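Input: a single structure, listed below in structure tokens.
The values are calculated or read from the model by the stated rules, or taken from the named source; none is laboratory data. This structure is a prediction, so every number in the text was calculated from the model and none was measured. Cβ atoms come from the backbone with ideal geometry, glycine included; neighbour counts cover every protein chain shown. For accessibility, only protein heavy atoms count, side chains too; no ligands or nucleic acids. Shrake-Rupley method; radii C 1.70, N 1.55, O 1.52, S 1.80 Å.
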Amino acid sequence: GDSVTQMEGPVTLSEEAFLTINCTYTATGYPSLFWYVQYPGEGLQLLLKATKADDKGSNKGFEATYRKETTSFHLEKGSVQVSDSAVYFCALSDPNQGGKLIFGQGTELSVKP
Amino acid sequence: DAMVIQNPRYQVTQFGKPVTLSCSQTLNHNVMYWYQQKSSQAPKLLFHYYDKDFNNEADTPDNFQSRRPNTSFCFLDIRSPGLGDAAMYLCATSRVAGGGETQYFGPGTRLLVL
């Protein structure tokens with residue numbers, strides 16, 4: 001079945017450091033890919049998404065490119081802030097499964113001043 | 001602002017005592033989802049409604065039921081909560097159930113079972 005694998009956390013960075021969180025997927029169809037962010041004690045918020053190969057999603061300085069050849073959707077940010085501290089979930093949605101979201105295990109990011 | 005609202009934010013219940021969690025939305029979306037998220041884990045889909053059509057995940061325990069009386073509201077009923085049901089329960093909505101559709105999440109209800 002479909003699955004998503006993320007790099008394990010926690011990831012601890014200093015403010016203004018470069019961030020990469022790796023995400024790879026397995027899917028039988030042509031999924032859409034998402035990054036959601038969860039701040040402590042809150043629900044999930046969509047950070048960015050891409051719906052087809054080579055699409056780049058971007059928001060709030062975060063970027064991710066849908067790479068079909070490597071089945072990857074790595075999240076990057078050039079300069080992180082303390083306020084970026086959260087748990088980041090990579091997810092896919094397979095149109096053959098009615099839009100159901102399948103999440104990776106989440107990566108906790110902690111940014112220190 | 002259009003949004004997904006969950007009440008209560010925290011719910012304490014006793015082992016075996018039925019509990020109901022509620023979700024409402026002002027987005028007028030057709031699809032409503034319930035996810036269970038245990039500590040430090042990814043959300044896991046329990047079931048969803050597309051309009052009035054109920055779709056249960058194969059591995060969702062029978063102890064979990066859902067009702068959607070109208071477009072705006074959806075309820076999660078846990079008939080006999082066990083200690084293992086303590087978790088964050090997330091409600092989400094989407095316009096339709098297509099592959100590229102964004103799901104909008106509520107803040108969640110954290111359930112504690114004593």
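Residue order by solvent-accessible surface for A:T65, B:T109, B:T26 is B:T26, A:T65, B:T109, largest first, with ligands and nucleic acids left out and a 1.4 Å probe. The fraction of accessible area contributed by carbon and sulfur in chain A is 47 percent, rounded to a whole number (1.4 Å probe; ligands and nucleic acids excluded).
Here is the interface size for B with A: some 1500 Å² of accessible area buried, both sides summed, with a 1.4 Å probe. When chain A is treated as a GNM, springs tying every alpha-carbon pair under 10 Å, which of A:T71, A:T20, A:T28 comes out with the largest mean-square fluctuation? Largest GNM mean-square fluctuation: A:T28. Note on the range A:1-102: dipole from Cβ charges, positive end direction compared against A:P95, A:L33, A:T65; the farthest Cα belongs to A:P95.
Relative to the 2.2 N^0.38 Å rule of thumb, chain A has a C-alpha radius of gyration ratio of 1.02. For chain A, leaving out every one of the GluC sites (Glu not before Pro) that falls in a DSSP loop and has at most 13 other Cβ atoms within 10 Å, the longest unbroken run is A:17-68.
Solvent exposure of chain A amounts to 46 Å² per residue of accessible area, where only protein heavy atoms count and the probe is 1.4 Å. Within the range A:86-113, whose backbone N sits under 19 Å from a point 7 Å along Cα→Cβ of A:T12? Label zone hits: A:86-88, A:107-113.
When only the Cβ of Lys, Arg, Asp and Glu is charged (+1, +1, -1, -1), the dipole of the range B:40-114 relative to its Cα centre reaches about 220 debye. The simple spin-label model puts a point 7 Å past each Cα toward its Cβ; for B:V12 and A:S58 those points are separated by 4.9 nm. Between the amide H of B:G108 and those of B:Q6, B:C91, distances stay under 5 Å, these residues lying 5 or more places away or on another chain, with hydrogens modeled in the peptide plane. Bridging of A:K60 to lysines at a Cα separation below 18 Å is possible for A:K49, A:K77, once same-chain residues fewer than 8 apart are set aside.
The charge dipole of chain A, taken about the Cα centre with unit charges on the Cβ atoms of Lys, Arg (+1) and Asp, Glu (-1), comes to about 220 debye, rounded to the nearest 20.
Cross-linked pairs A:K52/A:K112; A:K68/B:K44; B:K17/B:K44; A:K112/B:K38: Cα-Cα separations exceed 28 Å for A:K52/A:K112. All C-alpha to C-alpha distances of chain B, sorted into 10 Å bins beginning at zero, yield P(r) values of 15, 50, 30, 5 percent in whole numbers. Counting only residues at least eight positions apart within a chain, or on another chain, the lysines with an alpha carbon under 21 Å from that of B:K52 are A:K100. When you filter the chymotrypsin sites (Phe, Trp or Tyr not before Pro) in the range A:1-44 for DSSP loop state and at most 13 other Cβ atoms inside 10 Å of their Cβ, you are left with A:F18. About its Cα centre, the dipole of the protein assembly as shown is roughly 460 debye, where the only charges are +1 on Lys and Arg Cβ and -1 on Asp and Glu Cβ. Each principal axis of the Cα atoms in the protein assembly as shown has its own extent, and those three values, largest first, are 48, 39, 35 angstrom.
Could you give the accessible area per residue of chain B, probe 1.4 Å, as a whole number in Å²?
Normalised by residue count, the accessible surface of chain B is 49 Å².
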